[in-house]
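As structure tokens, the structure follows; a few thoughts come after it.
The values are calculated or read from the model by the stated rules, or taken from the named source; none is laboratory data. Nothing here was measured: the structure is a model prediction, and the numbers come from that model. Here the Cβ is made from the backbone with ideal geometry for all residues, glycine too, and neighbour counts use every protein chain on show.
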Amino acid sequence: MPCAETESRLHAYFDGELDALAAAAFEGHLESCAECRAALAGLEAMRSALRAELPYERAPAALAARITAALDREASASAPHKQEPADELAADPLAALAALTTLAARGRAARRGRGASGRSTASFGRGLLTGAGGGLLAATLAFFLISPHLISPRGALLDDLVNAHVRSLLPAHLVDVESTDRHTVKPWFAGHVDVSPAVYDFTAQGYRLLGGRADYFEHQRAAALAYQHGPHVINVFSWAGEGALPADTTRNGYHLAFWEEGNLRYCAVSDTGWPELLKLVSLIRAAEGQESHG
Amino acid sequence: MTVEPSFTEARRARFDAEVLPHLDAAYRFARWLARSPADADDLVQEAMLRAFRGFDGLRGGDVKAWLFAIVRNCHLTGIAQRDRRGFVPLPEEGDPQHGALVCPAPGPESASMRRDEERSLARLLEDLAPEHREVLILREIEELDYREIAAVTQVPIGTVMSRLARARAALKVRWSMRSEEERDAMR
């Protein structure tokens, strides 16, 4: 059994909680310590089994409808001048589901209608407030107020990616073409999207390729690959892009990891943990590297 | 063009866009806390309403961890109310009383998984102390990081780390016992 301090470091390393320096130091220790290597393998085996074996269910449609109706009642109670048609939704789960379905579309339409104002700017400003220091904040805000058109396209892309991810999670929206293996998805993309992304399955590593889908953003038909990882769905979007690659970020509880390969932009979106999302990214990049060199 | 949406409508739209997408995750977590699927439904609905009322307090923070904390608090409040003793403080870890909060058979149970229930990892998890089961679910299944788990369970990160190590050790013991039994059965 490793000593207590080494053990807590082992868990932190395993959970991706060590910074790069500490992780490298621990890897040095691993090379010389068979005990810790065995302990790490044990942790990995149990995690894989948990993620593969534990049952999970999605919230029933009836529950989603009940909650929507309850929220409608709550909202109308706090705004007494306006009567919301809450009972219609309560009586009809499908209507409530449809209401959920239109969310992403509504957000997009609203943004178009109001130009560069509205929710996307609001959340962009919030991100600045939490992320930047005071002086920088003032300078950035001034820049932001003077030239909103320079900033909003980036915010719009992040919104588009998150919206596309959320919409894909609705029943029957996840894939247009199911994957039996990568050879069913790749040819489908050829006829349905404007790009030809790398298609890989990583079932053995805990990321099962579910299939492909076409999404529309950045003025083109972008490709989306859906992976299942435990109860989480990961969407990997790809499109042809230019300009600065957006930085990895978290939006509305979803992590977005960006990278580029040739003239293609990629973004992996999910509510997995960061280490788990970045692991898929490195798997895809390693597979791409192998293909282009081998 | 329609008129500008009211403040209430804008707030609701923001909630729909930022919180409701995490309904499935909240439900999964609730299934591990609640006694039955019906209880999980009630728990999630209550939590969503509370989340909506407290939504203005959330400013660009971690939506999922915030929602999970509300689900968990609703669950604990519900237990306290069922005990009809008003407020019940959470027992300390290691307190022999902490078992009082354990529901006899929580966790998702579909017909398909009942078959191997006795041996399943889900069953092994259910046998763990609730704070051990919870930290394992949050880390290994929901993939929250230490900081987020600390926010959900309202304990310091150091406690999260020691709890997680103990939980993994406890599950490992049960799991290797199962593996041994399976090996014996093969002979």
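Quick notes on this structure:
- Residue in region B:25-38 that is at pLDDT below 90 and either at the interface with chain A (Cβ under 7 Å from one of its Cβ atoms) or within 21 Å of the chain's Cα centre (by Cα) (or both) present: yes
- Filter pass, residue A:281 being more than 14 Å from chain B (Cβ to nearest Cβ), among the aliphatic types (A, V, I, L, M) and touching a Cys at 6+ places or on another chain (Cβ under 8 Å): no
- Selection count where residues are outside any loop (DSSP other than H, G, I, E, B), more than 15 Å from the chain's Cα centre (by Cα) and at pLDDT 90 or above, scope region A:191-208: 6
- Odd one out for residue B:22 among (1) more than 9 Å from chain A (Cβ to nearest Cβ); (2) in a helix (DSSP H, G or I): (1)
- Qualifying positions in region B:46-55 - surrounded by 24 or more Cβ atoms within 10 Å (Cβ to Cβ) and either at the interface with chain A (Cβ under 8 Å from one of its Cβ atoms) or not small (Gly, Ala, Ser) (or both): B:48
- Test: residue in region B:96-110 that is facing chain A (nearest Cβ under 8 Å), modelled with pLDDT under 90, closer than 27 Å to residue B:127 by Cβ and surrounded by fewer than 13 Cβ atoms within 10 Å (Cβ to Cβ): yes
- Count of residues meeting criterion [loosely packed, with under 14 Cβ neighbours inside 10 Å and touching a residue at least 40 places away in the same chain (Cβ under 8 Å)] in region A:162-195: 1
- Failed item, numbered, when residue B:43 is tested on (1) more than 8 Å from chain A (Cβ to nearest Cβ); (2) under 19 Å from residue B:149 (Cα atoms); (3) free of Cβ contacts under 8 Å to residues at least 60 places away in the same chain; (4) of a type outside the set (Ser, Thr, Tyr): (2)
- Note on region A:228-255: residues that are away from every other protein chain (no Cβ under 14 Å) and out of contact with any Asp or Glu (no Cβ under 8 Å at 6 or more places or on another chain) amount to 8.
- With respect to the conditions (1) without any contact (Cβ under 8 Å) to a residue 12 or more places away in the chain; (2) of a type in the set (Gly, Ala, Ser); (3) at the interface with chain B (Cβ under 8 Å from one of its Cβ atoms); (4) more than 30 Å from residue B:14 (Cα to Cα), residue A:59 lacks only one, and its number is (4).
- Residue match in region A:28-40 (condition: facing another protein chain (nearest Cβ under 7 Å) and either at pLDDT below 95 or over 30 Å from residue B:40 (Cβ atoms) (or both)): no
- Given (1) assigned to a helix (DSSP H, G or I); (2) more than 8 Å from every other protein chain (Cβ to nearest Cβ); (3) buried (at least 16 other Cβ atoms within 10 Å of the Cβ); (4) modelled with pLDDT under 90, number of the condition residue A:65 does not satisfy: (4)
- Residue selected from region B:56-72 under the condition surrounded by fewer than 16 Cβ atoms within 10 Å (Cβ to Cβ) and part of a helix (DSSP H, G or I), by the criterion farthest from the other protein chains (Cβ to nearest Cβ): B:57
- Residue A:235 touching a strand residue (DSSP E or B) at 6+ places or on another chain (Cβ under 8 Å) and either among the charged types (D, E, K, R) or surrounded by fewer than 22 Cβ atoms within 10 Å (Cβ to Cβ) (or both): no
- The set of residues in region B:3-16 that are within 9 Å of another protein chain (Cβ to nearest Cβ) and farther than 17 Å from residue B:68 by Cα comprises B:5, B:6, B:7, B:8, B:9, B:10, B:11, B:12, B:13, B:14.
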